[in-house]
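The values are calculated or read from the model by the stated rules, or taken from the named source; none is laboratory data. Keep in mind it's a predicted model, so treat the numbers as computed, not measured. Positions of Cβ are generated from backbone atoms using ideal geometry, with glycine treated the same way; all protein chains shown enter the neighbour counts.
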Amino acid sequence: MKVILREDMDSLGFEGEIVEVAKGYGRNYLIPKGLALEANKQNMQLMEMQRKKIEVKRIKAKGDAERVSEKIGEVVITIRQKAGDEDKLYGSVTTMDIAACLEKKGITIDRKKLILDKPIKALGEYEIPVKLHPEVTGAVKVVVTPEEQAEPE
């Protein structure tokens, strides 16, 4: 089944593109949720008229993503965690923790855009890639340090 995407989807394509999907996926998920239109003659003409608006929107989104990428590149996040022997953490640092720290610094990013294969489980410095746009990827520097513990008296 051919459908016209109404918004960018990482797994399928960009807004305005005509893509081939399984009938069930198109009819039961994409079209009812407003993510796509059936690729018939009338809908294709409608999207042709909106193509220029879509291109302007895409260029603006890319520019915004590049600005955020520069802003992120300048930021260093320090996260304090309890650590045990051999610099291993009790627990881990996840994308949720990193996104919360970025938000405290005034940068709001969806945690799903942070690319972290597995949670951080050791002290050290890490470069975490951030996919802000299909064509723009930035990186945030994360420093995991041990939490200061109170000295026993």
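Which residues, taken from segment 84-136, are surrounded by 11 or more Cβ atoms within 10 Å (Cβ to Cβ) and polar (S, T, N, Q)?
92, 94, 95
Quickly run through segment 1-44 and pick out the residues that are of a type in the set (S, T, N, Q) and either at pLDDT below 90 or surrounded by 14 or more Cβ atoms within 10 Å (Cβ to Cβ) (or both). Steps first, answer last, please.
Initially, segment 1-44 is screened for residues of a type in the set (S, T, N, Q), giving 11, 28, 40, 42-43.
Correct list: 11, 43.
Please state which of the following conditions residue 68 fails to meet, knowing it meets all the rest: (1) surrounded by 12 or more Cβ atoms within 10 Å (Cβ to Cβ); (2) farther than 30 Å from residue 105 by Cα; (3) of a type in the set (A, V, I, L, M).
(2)
Run residue 70 past the list (1) in contact (Cβ under 8 Å) with a residue 40 or more places away in the chain; (2) within 21 Å of residue 6 (Cα to Cα) and report the number of the one that doesn't hold.
Looking at each condition in turn, residue 70 falls short on (2).
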